[in-house]
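Worksheet for the structure shown next.
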Amino acid sequence: MLFDSHCHIQFKGFDEEREKVLEVCAEKNIWLHAIGTQKETSRKAVELAESNSNIFASIGIHPIHLFPTYVDEEESSFVSREENFDEEYFAELAKSDKVIAVGECGFELYHVPKDKTVEEVLKKQKEIFLAQYHFAIKHNLPLVIHVRDAHKELIAVLETLPKPIRGVVHCFSGDWEVAQKYLDFGLYLGFTGIITFPSKKTEPKIQKDLWEVVKNVPLDRFLIETDAPYLAPQKYRGKRCEPWMVEEVLKQVAIIKDLSVKEVQNIIWENSLRLFDKIKI
Ligand SMILES: [Zn+2]
């Protein structure tokens, strides 16, 4: 068993081939955590989870959806819609047994709308992050945290909260110093296909730092994920990322930690069930 702890299988881009992708995942014994980013994608994640035994859902609002922002990613470009955290709407979704976490929520300074100042953006992101944090506590669910170009800002907010904080910093990228902060708060780290990329000739330190984190992270405090449809692992670079490709992330962790794939697989399975304790097997 393998758990892709963060993917967006409910996104429109999978509409045509979702059945096929899910068949491959079922054959390979891969479980999926479909992560909501807005009201609509959260609802879709729950619906998919309700109709597939190997899919679970997280519900929440991604920080890029707090303002209309033009987002141009490798795989897609779109103008994000402005949304607020509608507690009533999410409480209704949280009634499902298949909802195992809240998020992705967090901080994002990579995409800042042109007509807003960084201060304005941060103020709103903090407000909506804390609303989701309190919602998660109320519903006894862990958090799925997104952070891009904003470790300092996220850490400053987390420092004010009671510890331990239940959740995962998804798609972790950063160095060991930053990683230790999150681990001290009680959080897990989620690794994506980024750990399979070769180091950039121009900036080799970034990848070296990330591999150091993979090497050092305690065995009981990390998860793996694809973030599909984004971030295909090196072997499939250029293709749309699909949840079963999480196998490549698993193999890379085993290499870096100098353990067998089987050992790492078992460790990750246990970690996934410990953090997302609403999953019943
Ligand atoms: Zn994501």
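Could you tell me which residue of the range 153-173 is farthest from the ligand (Cβ to nearest atom), considering only residues that are small (Gly, Ala, Ser) and farther than 11 Å from LEU187 by Cβ? Working first, answer last.
Initial filter on the range 153-173 (small (Gly, Ala, Ser)): 156, 167, 173.
Next, from what is left, pick out any that are farther than 11 Å from LEU187 by Cβ: 156, 173.
Details: ALA156: 23, SER173: 13 Å.
Per the stated criteria, the residue is ALA156.
Quick one: count up the residues across the range 9-20 that are in contact (Cβ under 8 Å) with a residue 12 or more places away in the chain, outside any helix (DSSP H, G or I) and surrounded by fewer than 24 Cβ atoms within 10 Å (Cβ to Cβ).
Here the count works out to 1.
Being farther than 30 Å from LYS280 by Cα, in contact (Cβ under 8 Å) with a residue 12 or more places away in the chain, away from the ligand (no atom under 15 Å from the Cβ) and crowded, with 16+ Cβ neighbours inside 10 Å: is that true of LEU109 here? Give the steps one after another, and end with the answer.
Working: farther than 30 Å from LYS280 by Cα: yes; in contact (Cβ under 8 Å) with a residue 12 or more places away in the chain: yes; away from the ligand (no atom under 15 Å from the Cβ): yes; crowded, with 16+ Cβ neighbours inside 10 Å: yes.
Judged against the criteria, LEU109 is a match.
Taking the range 21-67 as the search range and keeping residues that are part of a helix (DSSP H, G or I) and in contact with a Lys or Arg (Cβ under 7 Å, 6 or more places away or on another chain), which one is farthest from the ligand (Cβ to nearest atom)? Walk me through how you get there before you give the answer.
Narrowing the range 21-67 to residues part of a helix (DSSP H, G or I): 21-27, 39-51, 63-65.
Filter again for in contact with a Lys or Arg (Cβ under 7 Å, 6 or more places away or on another chain), leaving 46, 49-50, 65.
Values: VAL46: 16, ALA49: 16, GLU50: 21, HIS65: 12 Å.
The extreme case among them is GLU50.
Quick one: which residue in LYS201, LYS235 is of a type in the set (Lys, Arg) and either surrounded by 14 or more Cβ atoms within 10 Å (Cβ to Cβ) or part of a helix (DSSP H, G or I) (or both)?
After applying the criteria, what remains is LYS235.
Yes or no: the range 251-267 includes at least one residue that is on the phi < 0 side of the Ramachandran plot, of a type in the set (Gly, Ala, Ser) and touching a Leu at 6+ places or on another chain (Cβ under 7 Å).
Looking only at the range 251-267, we keep the residues that are on the phi < 0 side of the Ramachandran plot, and these are 251-257, 259-267.
Add one more test, that the residue is of a type in the set (Gly, Ala, Ser), and what stays is 254, 260.
Still in the running and touching a Leu at 6+ places or on another chain (Cβ under 7 Å): none.
Within the range 251-267 (the criterion being on the phi < 0 side of the Ramachandran plot, of a type in the set (Gly, Ala, Ser) and touching a Leu at 6+ places or on another chain (Cβ under 7 Å)), the answer is no, since none of the residues qualifies.
For the range 135-195, list the strands (runs of 3 or more DSSP E) that sit wholly inside it and hold at least 1 residues that are among the aliphatic types (A, V, I, L, M) and crowded, with 24+ Cβ neighbours inside 10 Å; which are they?
Values: elements: 143-148, 167-169, 188-191.
Passing ranges, in order: 143-148, 167-169.
Is it true that some residue in the range 99-115 is at pLDDT below 95 and of a type in the set (A, V, I, L, M)?
Yes, that holds for at least one residue.
If only one of LEU187, LEU210 is more than 15 Å from the ligand (Cβ to nearest atom), out of contact with any His (no Cβ under 8 Å at 6 or more places or on another chain) and without any contact (Cβ under 8 Å) to a residue 40 or more places away in the chain, which one is it?
Details: LEU187 fails: without any contact (Cβ under 8 Å) to a residue 40 or more places away in the chain.
Being more than 15 Å from the ligand (Cβ to nearest atom), out of contact with any His (no Cβ under 8 Å at 6 or more places or on another chain) and without any contact (Cβ under 8 Å) to a residue 40 or more places away in the chain holds for just one of LEU187, LEU210, which is LEU210.
Would you point out the residue of the range 238-281, among those that are within 20 Å of LYS98 (Cα to Cα) and basic (Lys, Arg), that is surrounded by the fewest Cβ atoms within 10 Å (Cβ to Cβ)?
Step by step, filter the range 238-281, then rank; the result is LYS280.
Condition check ((1) farther than 20 Å from GLY193 by Cβ; (2) out of contact with any Leu (no Cβ under 9 Å at 6 or more places or on another chain); (3) not hydrophobic (A, V, I, L, M, F, W, C)) across all residues:
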| residue | (1), (2), (3) |
| --- | --- |
| LEU2 | no, no, no |
| VAL21 | no, yes, no |
| ILE30 | no, no, no |
| GLY36 | yes, no, yes |
| ASN52 | yes, no, yes |
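Does TYR182 meet the test of being more than 16 Å from the ligand (Cβ to nearest atom), within 22 Å of LYS257 (Cα to Cα), touching a strand residue (DSSP E or B) at 6+ places or on another chain (Cβ under 6 Å) and among the aromatic types (Phe, Trp, Tyr)?
Working: more than 16 Å from the ligand (Cβ to nearest atom): yes; within 22 Å of LYS257 (Cα to Cα): yes; touching a strand residue (DSSP E or B) at 6+ places or on another chain (Cβ under 6 Å): yes; among the aromatic types (Phe, Trp, Tyr): yes.
Against the criterion (more than 16 Å from the ligand (Cβ to nearest atom), within 22 Å of LYS257 (Cα to Cα), touching a strand residue (DSSP E or B) at 6+ places or on another chain (Cβ under 6 Å) and among the aromatic types (Phe, Trp, Tyr)), TYR182 qualifies.
In the range 220-269, how many residues are farther than 18 Å from HIS170 by Cα, touching a Pro at 6+ places or on another chain (Cβ under 8 Å) and away from the ligand (no atom under 15 Å from the Cβ)?
Qualifying residue count, the range 220-269: 1.
The values are calculated or read from the model by the stated rules, or taken from the named source; none is laboratory data. This structure is a prediction, so every number in the text was calculated from the model and none was measured. Because the Cβ atoms are built from the backbone with ideal geometry, glycine has one as well, and the counts that use them run over all protein chains shown.
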